[in-house]
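Right, one structure below, let's go through it.
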Amino acid sequence: MKNNLLSLLLFVCCAMATQLISQRVWAQTASASMTVEQLNAIKAIKIANLDKDTYFKSGGFILDRYEERPAYVFAYSDGITRKIYLYKVFSVEDTKELGLLAIYKNEKTGAVKPFVIPGASADRKAWDAYIDDLKYVGEKEPGLMSTLTFVLSREMAGLLSGGAGKSEEGSGKKKEEYNFCFAADAPVTLADGSSKGIQDITVNDVVMGYEAKTKTLAPTHVTRIDVHTGSFALAGVWVAPVQEVTADTRTTLTTPTLLEATANHPVLTATGRKALGDVKVGEVVYRYDATVQGVVAYKVIRLEASVRSVDKVYNLVTQSGAYLVSETVVLDK
């Protein structure tokens, strides 16, 4: 009787924490409605190395390790180590966020159990499928529901306190290292084509946004501004128009343009969403061209892991989920 009550309590707590996270996180981001077919496809994705594979594409989806964190690790009195890995899930087609993938692993048996947590706007059938997984899969594996409930509750507590939950089980990274931001003087392109330093942008300002699905520029409102102080290294990529890059990528007809940000800030590449620090020479990003009133392809010709350090960084959250910095399309974190 006690075991049944405990299982029921864990199930209810997990479901409630999930719903609250969904409402608070995906209400603030550019998200898409997940279908039950997408949920099942995401569950079927096989991850070769959970500890090393933190960002990759598979079957039309992008998996990006949540807040770049290592696994939550649990050492119970039964001697079995259990882990929970969290990934944000995006659609490759439009880079919109679909939901969260939580993966449970039993280190003794090797059992791996994926749970796909839909976003707030997901189809009802997707939510029903997730609840079924909690009930019929989660309760069969000893220790699974308690670990998953703890992780989701911990993340919810972090959101309620004004930030993401901090994992003590991780690698000891400071919270600031997970920020996705730009220096104060980073030029943000406004709706009229002019620019303003990101430090001068205010909530409700109208900036130039980008709609990935239609591949068009459109005005978008700034809904939130994040400001962080500390010591932040900025990575840099130099880009030049694709048509002007010769066979020798070191030679171009125009002076390369620099885009700098914290290494984990996402940008839009020809292959989808990618952290700036993961962009490689030869990859394509997109920049605003006033002559065509749209974006054109630019190729990365040079990288630098640390261009400079700053003591204050800024990030925008927009209605469209994408805006322009240094006239280059960047994505909300």
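The values are calculated or read from the model by the stated rules, or taken from the named source; none is laboratory data. In this text, all values refer to a predicted model and were calculated from it rather than measured experimentally. All Cβ positions, even for glycine, are placed from backbone atoms using ideal geometry, and neighbour counts span all protein chains on display.
Within the range 105-126, identify whether any single residue is assigned to a helix (DSSP H, G or I), of a type in the set (Gly, Ala, Ser) and crowded, with 17+ Cβ neighbours inside 10 Å, and answer yes or no.
Yes - at least one qualifying residue is present in the range 105-126.
Please work out if Val285 is assigned to a strand (DSSP E or B), in contact with a Lys or Arg (Cβ under 6 Å, 6 or more places away or on another chain) and touching a residue at least 24 places away in the same chain (Cβ under 8 Å).
no
Is it true that some residue in the range 303-326 is in the same structural domain as Pro256 (by TED's automatic domain parsing), in a loop (DSSP other than H, G, I, E, B) and more than 14 Å from Ala218 (Cα to Cα)?
yes
In the range 115-167, what count of residues is obtained for those that are of a type in the set (Ser, Thr, Tyr), within 25 Å of Asp226 (Cα to Cα) and modelled with pLDDT of 80 or more?
Summing the residues that are of a type in the set (Ser, Thr, Tyr), within 25 Å of Asp226 (Cα to Cα) and modelled with pLDDT of 80 or more in the range 115-167 gives 1.
Does Lys46 satisfy being assigned to a loop (DSSP other than H, G, I, E, B) and either modelled with pLDDT of 85 or more or surrounded by fewer than 20 Cβ atoms within 10 Å (Cβ to Cβ) (or both)? Lay out the reasoning, then the answer.
Values: assigned to a loop (DSSP other than H, G, I, E, B): yes; either modelled with pLDDT of 85 or more or surrounded by fewer than 20 Cβ atoms within 10 Å (Cβ to Cβ) (or both): yes.
For Lys46, the condition - assigned to a loop (DSSP other than H, G, I, E, B) and either modelled with pLDDT of 85 or more or surrounded by fewer than 20 Cβ atoms within 10 Å (Cβ to Cβ) (or both) - is met.
Does Lys274 fit the bill of being farther than 20 Å from Pro187 by Cβ, out of contact with any Cys (no Cβ under 8 Å at 6 or more places or on another chain), part of a strand (DSSP E or B) and in contact (Cβ under 8 Å) with a residue 12 or more places away in the chain?
yes
Has the range 175-183 got any residue that is modelled with pLDDT of 50 or more and of a type in the set (A, V, I, L, M)? Walk me through it before giving the result.
The initial filter retains those residues of the range 175-183 that are modelled with pLDDT of 50 or more, namely 179-183.
Those still in the list that are of a type in the set (A, V, I, L, M) too: 183.
Looking through the range 175-183, at least one residue is modelled with pLDDT of 50 or more and of a type in the set (A, V, I, L, M).
Can you tell me which residues in the range 76-91 are at pLDDT 85 or above and either part of a loop (DSSP other than H, G, I, E, B) or in contact with a Gly (Cβ under 9 Å, 6 or more places away or on another chain) (or both)? Break it down into steps so the answer makes sense when it comes.
Filtering the range 76-91 down to residues at pLDDT 85 or above leaves 80-91.
Within the range 76-91, Ile80, Arg82, Lys88, Val89, Phe90, Ser91 qualify.
Are any residues in the range 271-298 exposed (fewer than 15 other Cβ atoms within 10 Å of the Cβ), of a type outside the set (Gly, Ala, Ser) and within 20 Å of Lys57 (Cα to Cα), and if so, which ones?
Thr271, Lys280, Val281 - these are the residues of the range 271-298 that are exposed (fewer than 15 other Cβ atoms within 10 Å of the Cβ), of a type outside the set (Gly, Ala, Ser) and within 20 Å of Lys57 (Cα to Cα).
Can Leu63 be described as at pLDDT 90 or above and within 19 Å of Thr271 (Cα to Cα)? Reasoning before the result, please.
On the way: at pLDDT 90 or above: yes; within 19 Å of Thr271 (Cα to Cα): yes.
Considered against the rule, which asks whether it is at pLDDT 90 or above and within 19 Å of Thr271 (Cα to Cα), Leu63 comes out as yes.
State all residues of the range 255-289 that are among the small types (Gly, Ala, Ser) and either at pLDDT below 90 or not assigned by TED's automatic domain parsing to the domain that holds Ala235 (or both); if no residue qualifies, say none.
Keep residues of the range 255-289 that are among the small types (Gly, Ala, Ser), which gives 261, 263, 270, 272, 275, 277, 282.
Matches in the range 255-289: Ala263, Gly272, Ala275, Gly277.
So if I check each of Leu217, Leu234, which one is assigned to a strand (DSSP E or B) and under 21 Å from the mean Cα position of the chain (by Cα)?
Leu234
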